[in-house]
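Data first, discussion second: the structure below is written as C-alpha coordinates.
The values are calculated or read from the model by the stated rules, or taken from the named source; none is laboratory data. Treat the numbers as computed from the prediction; the structure is a model and nothing was measured. Glycine gets a Cβ as well: all are built from the backbone with ideal geometry, and neighbour counts include every protein chain shown.
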Amino acid sequence: MLEVRDLRMRYGTTDVLDGVTFSARRGEVLALLGPNGAGKTTTIEILEGFRMRSAGDVRVLGADPATGGERWRARLGVVLQSWRDHGKWRVRELLHHLGTYYADYSTPGIQRPWPVDELIEVVGLTGQAGKRISRLSGGQRRRLDVAIGIVGRPELLFLDEPTVGFDPGARREFHDLVHRLTDVDDTTILLTTHDLDEAEKLADRIVILAGGRIIADGSADELSRRVAGEAEIRWTRDGSRYVHSAADATRFVRELFLQYGDTVADLEVRRAGLEDTYMTMVRDVEAGRGSAAAAAFRVVR
(Lines give C-alpha, C1' and ligand atoms only; values in the text may rest on other atoms or scores of the structure.)
Protein backbone atom coordinates (compact mmCIF):
# COMPACT_ATOMS: atom_id res chain seq x y z
CA MET A 1 0.00 0.00 0.00
CA LEU A 2 2.94 2.29 0.58
CA GLU A 3 6.68 1.93 0.09
CA VAL A 4 9.25 4.42 1.37
CA ARG A 5 12.93 4.01 0.47
CA ASP A 6 15.78 6.25 1.61
CA LEU A 7 13.46 9.22 2.18
CA ARG A 8 15.32 12.46 2.86
CA MET A 9 14.14 15.95 3.70
CA ARG A 10 16.40 18.93 4.26
CA TYR A 11 15.46 22.43 5.37
CA GLY A 12 18.46 24.65 4.72
CA THR A 13 21.36 22.83 6.32
CA THR A 14 19.18 20.71 8.63
CA ASP A 15 18.35 17.11 7.76
CA VAL A 16 14.84 16.48 9.11
CA LEU A 17 14.63 13.03 7.50
CA ASP A 18 17.81 11.07 6.87
CA GLY A 19 17.29 7.83 4.94
CA VAL A 20 13.86 6.71 6.19
CA THR A 21 12.70 3.33 4.81
CA PHE A 22 9.51 1.42 5.64
CA SER A 23 6.38 -0.05 4.05
CA ALA A 24 2.79 -0.97 4.90
CA ARG A 25 0.61 -3.85 3.72
CA ARG A 26 -3.10 -3.85 2.91
CA GLY A 27 -5.27 -3.93 6.03
CA GLU A 28 -2.35 -3.15 8.34
CA VAL A 29 -2.45 -0.55 11.12
CA LEU A 30 0.96 1.12 11.26
CA ALA A 31 1.78 3.55 14.08
CA LEU A 32 4.46 6.20 13.64
CA LEU A 33 5.96 7.19 16.99
CA GLY A 34 8.67 9.63 17.93
CA PRO A 35 9.50 12.66 20.08
CA ASN A 36 8.72 16.18 18.94
CA GLY A 37 10.94 17.12 16.00
CA ALA A 38 11.56 13.49 15.01
CA GLY A 39 10.14 14.00 11.51
CA LYS A 40 6.71 12.34 11.88
CA THR A 41 4.65 15.21 10.49
CA THR A 42 7.07 15.80 7.62
CA THR A 43 6.91 12.11 6.70
CA ILE A 44 3.11 12.08 6.71
CA GLU A 45 2.86 15.27 4.66
CA ILE A 46 5.19 13.81 2.02
CA LEU A 47 3.13 10.61 1.85
CA GLU A 48 -0.08 12.62 1.51
CA GLY A 49 1.42 14.66 -1.33
CA PHE A 50 1.32 17.94 0.58
CA ARG A 51 5.08 18.41 0.80
CA MET A 52 7.89 17.80 -1.69
CA ARG A 53 10.75 15.59 -0.53
CA SER A 54 14.44 16.36 -1.02
CA ALA A 55 15.38 12.82 -2.11
CA GLY A 56 14.35 9.19 -1.97
CA ASP A 57 11.69 7.01 -3.56
CA VAL A 58 8.09 7.07 -2.29
CA ARG A 59 5.18 5.06 -3.64
CA VAL A 60 1.70 5.39 -2.17
CA LEU A 61 -0.93 3.14 -3.75
CA GLY A 62 1.57 2.60 -6.53
CA ALA A 63 2.05 6.28 -7.37
CA ASP A 64 4.49 9.03 -6.49
CA PRO A 65 2.53 11.34 -4.15
CA ALA A 66 4.41 14.34 -5.54
CA THR A 67 2.62 13.85 -8.88
CA GLY A 68 -0.57 12.04 -7.82
CA GLY A 69 -3.72 13.34 -9.50
CA GLU A 70 -7.34 13.62 -8.38
CA ARG A 71 -8.17 9.97 -9.01
CA TRP A 72 -5.20 8.93 -6.85
CA ARG A 73 -6.20 11.39 -4.10
CA ALA A 74 -9.72 9.97 -4.08
CA ARG A 75 -8.22 6.69 -2.85
CA LEU A 76 -6.76 8.38 0.26
CA GLY A 77 -8.40 9.51 3.48
CA VAL A 78 -6.98 12.09 5.88
CA VAL A 79 -8.18 12.76 9.45
CA LEU A 80 -6.52 15.84 10.87
CA GLN A 81 -6.36 16.73 14.54
CA SER A 82 -9.37 19.01 14.07
CA TRP A 83 -11.73 20.17 11.36
CA ARG A 84 -13.27 23.60 10.99
CA ASP A 85 -16.73 23.43 9.44
CA HIS A 86 -19.98 25.22 10.10
CA GLY A 87 -21.70 24.03 13.25
CA LYS A 88 -25.11 24.39 11.61
CA TRP A 89 -24.45 21.45 9.27
CA ARG A 90 -26.30 18.29 10.26
CA VAL A 91 -24.30 15.06 10.28
CA ARG A 92 -26.12 13.31 7.42
CA GLU A 93 -26.29 16.49 5.30
CA LEU A 94 -22.57 17.19 5.60
CA LEU A 95 -21.52 13.64 4.76
CA HIS A 96 -23.89 13.50 1.79
CA HIS A 97 -22.50 16.81 0.49
CA LEU A 98 -18.88 15.70 0.84
CA GLY A 99 -19.64 12.35 -0.74
CA THR A 100 -20.72 14.00 -4.00
CA TYR A 101 -17.08 14.93 -4.65
CA TYR A 102 -16.18 11.23 -4.95
CA ALA A 103 -19.01 10.12 -7.22
CA ASP A 104 -16.82 10.02 -10.35
CA TYR A 105 -13.86 8.19 -8.78
CA SER A 106 -14.98 4.59 -8.28
CA THR A 107 -12.32 1.95 -8.93
CA PRO A 108 -12.72 -1.79 -9.61
CA GLY A 109 -14.17 -3.45 -6.53
CA ILE A 110 -14.65 -0.18 -4.61
CA GLN A 111 -17.81 1.89 -4.97
CA ARG A 112 -17.36 5.53 -4.02
CA PRO A 113 -18.64 7.31 -2.05
CA TRP A 114 -19.58 5.19 0.95
CA PRO A 115 -23.43 5.08 1.27
CA VAL A 116 -24.18 7.76 3.85
CA ASP A 117 -26.44 5.80 6.21
CA GLU A 118 -24.07 2.82 6.14
CA LEU A 119 -21.13 5.14 6.86
CA ILE A 120 -22.98 6.76 9.76
CA GLU A 121 -23.65 3.31 11.21
CA VAL A 122 -20.02 2.22 10.80
CA VAL A 123 -18.75 5.23 12.80
CA GLY A 124 -21.47 4.82 15.44
CA LEU A 125 -23.43 8.03 14.79
CA THR A 126 -26.82 6.61 13.77
CA GLY A 127 -28.50 8.28 16.73
CA GLN A 128 -26.91 11.63 15.85
CA ALA A 129 -27.51 11.56 12.06
CA GLY A 130 -29.96 14.46 12.21
CA LYS A 131 -28.08 16.50 14.82
CA ARG A 132 -26.28 19.75 14.17
CA ILE A 133 -22.51 19.41 14.46
CA SER A 134 -22.41 22.08 17.16
CA ARG A 135 -24.46 19.77 19.43
CA LEU A 136 -22.15 16.75 19.19
CA SER A 137 -19.97 15.67 22.11
CA GLY A 138 -16.20 15.57 21.73
CA GLY A 139 -16.19 11.84 21.07
CA GLN A 140 -19.05 12.12 18.59
CA ARG A 141 -17.27 14.99 16.85
CA ARG A 142 -14.18 12.84 16.44
CA ARG A 143 -16.28 10.03 14.98
CA LEU A 144 -17.59 12.54 12.48
CA ASP A 145 -14.00 13.53 11.66
CA VAL A 146 -13.32 9.90 10.81
CA ALA A 147 -16.51 9.72 8.73
CA ILE A 148 -15.34 12.78 6.78
CA GLY A 149 -11.96 11.12 6.25
CA ILE A 150 -13.44 7.87 4.96
CA VAL A 151 -16.53 9.12 3.09
CA GLY A 152 -14.67 8.40 -0.16
CA ARG A 153 -14.03 4.81 1.00
CA PRO A 154 -10.23 5.21 1.05
CA GLU A 155 -7.86 2.34 0.65
CA LEU A 156 -5.29 4.15 2.83
CA LEU A 157 -6.25 6.32 5.82
CA PHE A 158 -3.97 8.79 7.62
CA LEU A 159 -4.86 9.52 11.27
CA ASP A 160 -2.98 12.41 12.89
CA GLU A 161 -3.04 12.26 16.72
CA PRO A 162 -6.59 10.88 16.58
CA THR A 163 -7.46 10.92 20.31
CA VAL A 164 -5.85 14.12 21.59
CA GLY A 165 -8.05 15.49 24.40
CA PHE A 166 -10.23 12.37 24.66
CA ASP A 167 -11.43 11.05 27.98
CA PRO A 168 -10.81 7.32 28.61
CA GLY A 169 -14.31 6.29 27.50
CA ALA A 170 -14.16 8.20 24.23
CA ARG A 171 -10.66 6.87 23.56
CA ARG A 172 -11.82 3.28 24.02
CA GLU A 173 -14.75 3.83 21.65
CA PHE A 174 -12.43 5.33 19.06
CA HIS A 175 -10.11 2.34 19.28
CA ASP A 176 -13.08 0.05 18.62
CA LEU A 177 -13.91 2.15 15.57
CA VAL A 178 -10.38 1.84 14.15
CA HIS A 179 -10.49 -1.95 14.53
CA ARG A 180 -13.87 -2.00 12.79
CA LEU A 181 -12.50 -0.03 9.82
CA THR A 182 -9.79 -2.59 9.19
CA ASP A 183 -12.25 -5.46 9.62
CA VAL A 184 -15.11 -4.04 7.53
CA ASP A 185 -13.27 -2.49 4.61
CA ASP A 186 -9.71 -3.86 4.86
CA THR A 187 -8.49 -0.27 5.18
CA THR A 188 -4.78 0.34 5.68
CA ILE A 189 -4.21 2.90 8.44
CA LEU A 190 -1.14 4.99 9.19
CA LEU A 191 -1.46 6.89 12.46
CA THR A 192 0.77 9.23 14.38
CA THR A 193 0.43 9.37 18.14
CA HIS A 194 2.29 10.31 21.31
CA ASP A 195 0.18 7.82 23.28
CA LEU A 196 2.26 4.65 23.66
CA ASP A 197 -0.65 2.71 25.12
CA GLU A 198 -2.74 3.66 22.10
CA ALA A 199 -0.05 2.51 19.69
CA GLU A 200 0.26 -0.80 21.53
CA LYS A 201 -3.51 -1.41 21.39
CA LEU A 202 -4.13 -0.32 17.80
CA ALA A 203 -1.03 -1.03 15.73
CA ASP A 204 -0.03 -4.26 14.04
CA ARG A 205 3.38 -2.66 13.59
CA ILE A 206 5.18 0.30 15.12
CA VAL A 207 7.82 2.47 13.46
CA ILE A 208 9.79 4.71 15.82
CA LEU A 209 11.46 7.84 14.43
CA ALA A 210 14.14 9.77 16.28
CA GLY A 211 16.62 12.25 14.91
CA GLY A 212 15.18 11.89 11.42
CA ARG A 213 15.90 8.14 11.28
CA ILE A 214 13.98 4.96 11.97
CA ILE A 215 15.37 3.36 15.10
CA ALA A 216 12.79 0.57 15.39
CA ASP A 217 10.31 -1.27 13.20
CA GLY A 218 8.22 -4.16 14.50
CA SER A 219 5.25 -5.16 16.66
CA ALA A 220 5.10 -3.94 20.26
CA ASP A 221 6.01 -7.43 21.50
CA GLU A 222 8.92 -7.77 19.09
CA LEU A 223 10.39 -4.42 20.08
CA SER A 224 9.93 -5.08 23.78
CA ARG A 225 11.64 -8.47 23.57
CA ARG A 226 14.66 -6.90 21.91
CA VAL A 227 15.18 -4.29 24.59
CA ALA A 228 14.32 -6.63 27.44
CA GLY A 229 17.64 -8.38 27.78
CA GLU A 230 16.73 -9.26 31.35
CA ALA A 231 13.47 -9.59 33.23
CA GLU A 232 13.01 -8.16 36.72
CA ILE A 233 11.76 -10.68 39.30
CA ARG A 234 10.32 -9.48 42.61
CA TRP A 235 9.19 -11.65 45.52
CA THR A 236 8.74 -11.73 49.28
CA ARG A 237 10.19 -14.35 51.63
CA ASP A 238 10.02 -14.40 55.41
CA GLY A 239 8.86 -10.80 55.50
CA SER A 240 11.71 -9.49 53.31
CA ARG A 241 11.33 -8.10 49.79
CA TYR A 242 13.76 -9.26 47.07
CA VAL A 243 14.49 -8.05 43.53
CA HIS A 244 16.61 -9.88 40.97
CA SER A 245 17.30 -9.47 37.24
CA ALA A 246 17.67 -12.56 35.07
CA ALA A 247 18.01 -13.25 31.37
CA ASP A 248 16.00 -16.49 31.76
CA ALA A 249 13.17 -15.59 34.13
CA THR A 250 11.44 -18.98 33.83
CA ARG A 251 14.54 -20.88 34.89
CA PHE A 252 15.24 -18.51 37.79
CA VAL A 253 11.67 -18.78 39.13
CA ARG A 254 11.77 -22.57 38.89
CA GLU A 255 15.03 -22.70 40.87
CA LEU A 256 13.65 -20.19 43.36
CA PHE A 257 10.70 -22.44 44.21
CA LEU A 258 12.86 -25.57 44.27
CA GLN A 259 15.06 -23.91 46.87
CA TYR A 260 12.49 -22.06 49.01
CA GLY A 261 9.14 -23.67 48.16
CA ASP A 262 6.01 -22.17 49.72
CA THR A 263 7.98 -19.51 51.60
CA VAL A 264 8.10 -17.51 48.32
CA ALA A 265 5.17 -15.10 48.10
CA ASP A 266 4.03 -12.07 46.07
CA LEU A 267 6.00 -13.22 43.03
CA GLU A 268 6.07 -10.73 40.15
CA VAL A 269 7.95 -11.01 36.83
CA ARG A 270 8.18 -7.76 34.94
CA ARG A 271 9.39 -7.50 31.36
CA ALA A 272 9.95 -4.32 29.42
CA GLY A 273 6.81 -2.87 27.86
CA LEU A 274 6.51 -0.55 24.88
CA GLU A 275 7.08 2.52 27.04
CA ASP A 276 10.33 1.10 28.44
CA THR A 277 11.41 0.17 24.92
CA TYR A 278 10.57 3.57 23.50
CA MET A 279 12.35 5.50 26.25
CA THR A 280 15.45 3.31 26.02
CA MET A 281 15.81 3.76 22.28
CA VAL A 282 15.14 7.50 22.27
CA ARG A 283 17.66 7.99 25.10
CA ASP A 284 20.25 6.05 23.08
CA VAL A 285 19.70 8.31 20.07
CA GLU A 286 19.87 11.46 22.17
CA ALA A 287 23.08 10.16 23.74
CA GLY A 288 24.61 9.68 20.29
CA ARG A 289 24.14 5.94 19.99
CA GLY A 290 21.51 6.12 17.25
CA SER A 291 23.29 3.84 14.79
CA ALA A 292 23.72 1.11 17.39
CA ALA A 293 20.09 1.45 18.39
CA ALA A 294 18.89 1.14 14.82
CA ALA A 295 20.98 -1.99 14.27
CA ALA A 296 19.83 -3.55 17.53
CA PHE A 297 16.10 -2.90 17.27
CA ARG A 298 15.23 -3.11 13.57
CA VAL A 299 12.96 -6.10 12.94
CA VAL A 300 13.56 -7.58 9.47
CA ARG A 301 10.24 -8.72 8.00
Being of a type in the set (Gly, Ala, Ser), surrounded by 14 or more Cβ atoms within 10 Å (Cβ to Cβ) and either modelled with pLDDT of 95 or more or not assigned by TED's automatic domain parsing to the domain that holds Thr126 (or both) is the filter here, so list the residues in the stretch 55-96 that pass it. Gly56, Ala63
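Which one of these is in contact with a Leu (Cβ under 9 Å, 6 or more places away or on another chain), over 30 Å from Ser106 (Cβ atoms) and either free of Cβ contacts under 8 Å to residues at least 12 places away in the same chain or assigned to a strand (DSSP E or B) (or both): Ile206, Ile189?
Working: Ile189 fails: over 30 Å from Ser106 (Cβ atoms).
Residue meeting the stated conditions: Ile206.
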Given the conditions (1) touching a Leu at 6+ places or on another chain (Cβ under 6 Å); (2) closer than 30 Å to Arg271 by Cβ, which single one is not true for Asp160? (2)
Select from the stretch 1-27 the residues that are touching a residue at least 24 places away in the same chain (Cβ under 8 Å), surrounded by fewer than 19 Cβ atoms within 10 Å (Cβ to Cβ) and not in a strand (DSSP E or B) and list them in ascending order. Arg25, Arg26, Gly27
Go through (1) crowded, with 19+ Cβ neighbours inside 10 Å; (2) assigned to a loop (DSSP other than H, G, I, E, B) one by one and return the number of the condition Leu47 breaks. (2)
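With respect to Val79, determine if the residue is in contact with a helix residue (DSSP H, G or I) (Cβ under 7 Å, 6 or more places away or on another chain) and in contact (Cβ under 8 Å) with a residue 12 or more places away in the chain.
Numbers: in contact with a helix residue (DSSP H, G or I) (Cβ under 7 Å, 6 or more places away or on another chain): yes; in contact (Cβ under 8 Å) with a residue 12 or more places away in the chain: yes.
Yes, satisfied.
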Show the residue pairs meeting these rules: Cβ distance below 8 Å; 6+ apart or different chains; first residue within the stretch 249-264 and at negative phi; second residue assigned to a helix (DSSP H, G or I) and at pLDDT 90 or above. Val264/Leu256; Val264/Phe257
